[in-house]
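Undergrad: There's a structure below that I have some questions on.
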Amino acid sequence: MAGSPLQIVPSRVCLQCDVCCRFPDPDSFLRPFFSAAERQKALAAGLSARHLPQENGGQIELVPNPGAEGYICPAFDPATSHCTIYEVRPLDCRLYPFALMWDATGKDVLLGWDTKCPFMRDAPPTEIQQAADELAGWVTAEEQLSILEQNPRLVGRYQSDVVVLCALRPVTERLLCIRAASEPWPLNMQDKDRFDQAVNQVVPSLGLPLAAFSFAYHYMWHRVLRYSWREIEGHFCLFAQSPDGVFLALPPLGTGPLEPALTAAFDWMKERNRGSSVTRMENVPHALIDDIRELGYRIVARHPDYVYDAADLVALSGDAHKSQRAAWNRFVREQQGTVEPYRTGDREECLELFRDWIAQKEQVEVDDYGRALLQDAGAAHDELLTHHALLGLVGAVVRVRGRIRAYTFGLWLTPTVFCVLLEVADRTIPGLAAFIFREFCRQAVTDGAQWVNTMDDSGLPSLAKSKHLYHPTHLLQNYCVTEP
């Protein structure tokens, strides 16, 4: 950082601040990013490698705040308000309270100042602008451009509470060149806004959307599959890396012609997979099939999403829902169950329930495929239980005699379509599964849901039977696309 602009906030102010280095969530996208070189300096200064596990650079792993709620940077000493690696702190920290971020469209890199900094809120505008001008000149010099090119995650996602000062065109041009290069970017939590923006461009033309058109649907599995993304011909392309190779997890998302992006994406996958049959595109909705078929691709139907009239799931009226209504009534009659919003403090109790639930399911007949799904599900459930707020999820638990015996998570695909991502209920309590599902749907209807999507059945006959018992109004077709 030699030769960089001076820190605008005086040290005496920083030492009295209660904002910096503290975070509400363990996976906050605001936690500092360390390049590989900065990581080595931090380790040499005494920081443990377990807090910086990514050797090629990445965000630091936070630790619980010993004196208050939330989390802190492990290099921060809350007793003295000092940074224990201050002399070798990363560029991400040295820039603060200024921030580098993409604009809301993901097309321009901006320089702004963070309104969360108390000092900056009271600083004269002329002083802020003067410091920003100096910083902009420094950041766009070749030395810093090279650092940003090697570490593009130093530019964060758009934040509405950061006041924009100027656009950094040289930085934008350098990083857009990386996006156009052959190597995709690893999918991180900070990419949610870019993903959502791309999805929102296409979902209005698809009718009822598949559950796969949501960030959490994919990110919950990022410990099992390596997700990455690229901009190809103006389209957002989401890839997933399995042990067999890489595939497109969604159709290219954008407003322009599909063919150029699709052709380039398949060419890249074929080169990467060296002819492996894994090269494919998944989660293709019916609305795109005619256009894709005209391009000569091979199309195979997969397991559909189950969609229900939300009001029907709450009413459970008539003979069609007699068994579910009876199960709900039995639970209410025999148990003292209460529904509550999920809170982060419920995580450990929910994980304990999940382990019990897995053991209960394995006591019945489960084939190798079902057993593999259960094994992978642990990481996905842990992800949602830990980062539900960052993923934009709605969660609920059911307590029976004070203990959590069921939990569920969902999200909004559109203002009228609610998706249930997962549900776990103690199988030894009759009617509990029917109870939490109905009550979760009741809350969704109160919040405006007209339709409820419960995703597909993963090819499991028992799950398909359960979903059909609720009488779906739509089976949303889902296709896999390969080259001839």
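Undergrad: Going by what's in this entry, would ARG293 be described as open to solvent by less than 40 Å² (accessible area, probe 1.4 Å), farther than 28 Å from SER462 by Cβ and of a type in the set (D, E, K, R)? Don't jump to the end; show me each part of the working.
TA: Numbers: open to solvent by less than 40 Å² (accessible area, probe 1.4 Å): no; farther than 28 Å from SER462 by Cβ: yes; of a type in the set (D, E, K, R): yes.
In short, no.
Undergrad: May I ask you to verify whether VAL417 is under 22 Å from the mean Cα position of the chain (by Cα) and open to solvent by less than 60 Å² (accessible area, probe 1.4 Å)?
TA: In short, yes.
Undergrad: If PHE437 meets every condition in (1) among the hydrophobic types (A, V, I, L, M, F, W, C); (2) open to solvent by 10 Å² or more (accessible area, probe 1.4 Å); (3) touching a helix residue (DSSP H, G or I) at 6+ places or on another chain (Cβ under 7 Å) apart from one, which number is that one?
TA: The number of the failed condition is (3).
Each row is one residue, and each column tells you yes or no for (1) crowded, with 17+ Cβ neighbours inside 10 Å; (2) in contact with a Gly (Cβ under 6 Å, 6 or more places away or on another chain); (3) among the aromatic types (Phe, Trp, Tyr); (4) at pLDDT below 85.
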residue: ARG179; (1), (2), (3), (4): no, no, no, yes
residue: PRO184; (1), (2), (3), (4): yes, no, no, yes
residue: SER205; (1), (2), (3), (4): no, no, no, no
residue: SER228; (1), (2), (3), (4): yes, no, no, no
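For every residue, the table says whether it meets (1) in contact with an Asp or Glu (Cβ under 7 Å, 6 or more places away or on another chain); (2) modelled with pLDDT of 95 or more; (3) surrounded by fewer than 17 Cβ atoms within 10 Å (Cβ to Cβ).
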| position | (1), (2), (3) |
| --- | --- |
| MET269 | no, no, no |
| GLY275 | no, no, yes |
| ASN283 | no, yes, no |
| HIS286 | no, yes, yes |
| VAL300 | no, yes, yes |
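Undergrad: Also: Could you list, in sequence order, all residues of the range 311-334 that are closer than 25 Å to ASP447 by Cα, loosely packed, with under 14 Cβ neighbours inside 10 Å and among the aliphatic types (A, V, I, L, M)?
TA: Answer for the range 311-334, where residues must be closer than 25 Å to ASP447 by Cα, loosely packed, with under 14 Cβ neighbours inside 10 Å and among the aliphatic types (A, V, I, L, M): just VAL332.
Undergrad: Looking at the range 338-360 only, could you name the residues that are assigned to a strand (DSSP E or B) and among the hydrophobic types (A, V, I, L, M, F, W, C)?
TA: VAL339
Undergrad: Next question, about the same structure. Need the failing condition index for GLY370 against (1) surrounded by 16 or more Cβ atoms within 10 Å (Cβ to Cβ); (2) more than 17 Å from the chain's Cα centre (by Cα); (3) at pLDDT 95 or above, just the number.
TA: Status for GLY370: all satisfied but (3).
Undergrad: If you don't mind, there's one more thing I want to ask. Out of (1) touching a helix residue (DSSP H, G or I) at 6+ places or on another chain (Cβ under 8 Å); (2) within 21 Å of HIS471 (Cα to Cα); (3) not in a strand (DSSP E or B), what's the single condition that is false for GLY392?
TA: Every condition holds for GLY392 apart from (2).
Undergrad: Taking the residues in the range 443-463 that are surrounded by fewer than 16 Cβ atoms within 10 Å (Cβ to Cβ) and in contact (Cβ under 8 Å) with a residue 60 or more places away in the chain as candidates, determine which candidate is nearest to LEU373 (Cα to Cα). Working first, answer last.
TA: So the first thing to find is which residues in the range 443-463 are surrounded by fewer than 16 Cβ atoms within 10 Å (Cβ to Cβ), and the list is 446-448, 450, 458-459, 461-462.
If we keep only those that are in contact (Cβ under 8 Å) with a residue 60 or more places away in the chain as well, we get 450, 458-459.
Numbers: GLN450: 30, SER458: 9, GLY459: 11 Å.
For the range 443-463, the residue satisfying everything is SER458.
Undergrad: Would you kindly identify the helices (runs of 4 or more DSSP H) lying entirely within the range 219-333 that contain at least 3 residues that are out of contact with any helix residue (DSSP H, G or I) (no Cβ under 8 Å at 6 or more places or on another chain) and in contact (Cβ under 8 Å) with a residue 24 or more places away in the chain?
TA: 258-273
Undergrad: Residues in the range 166-176: is at least one in contact with a Gly (Cβ under 9 Å, 6 or more places away or on another chain) and either part of a loop (DSSP other than H, G, I, E, B) or of a type outside the set (Val, Ile, Thr) (or both)?
TA: Looking through the range 166-176, at least one residue is in contact with a Gly (Cβ under 9 Å, 6 or more places away or on another chain) and either part of a loop (DSSP other than H, G, I, E, B) or of a type outside the set (Val, Ile, Thr) (or both).
Undergrad: Taking ASN478 as meeting all but one of (1) under 24 Å from GLN201 (Cα atoms); (2) open to solvent by 40 Å² or more (accessible area, probe 1.4 Å), write down the number of the exception.
TA: It fails just one condition, (2).
Undergrad: Within the range 431-466, work out how many residues are at pLDDT below 95 and in a helix (DSSP H, G or I).
TA: Adding up the residues that qualify gives 6.
The values are calculated or read from the model by the stated rules, or taken from the named source; none is laboratory data. Everything numeric in this text was worked out from a predicted model, so none of it was measured. FYI the Cβ positions are ideal-geometry reconstructions off the backbone, even for glycines, and counts take in every protein chain you see. When the accessible area is computed, the model is the full protein with side chains, heavy atoms only, and any ligands, DNA or RNA have been set aside. Shrake-Rupley method; radii C 1.70, N 1.55, O 1.52, S 1.80 Å.
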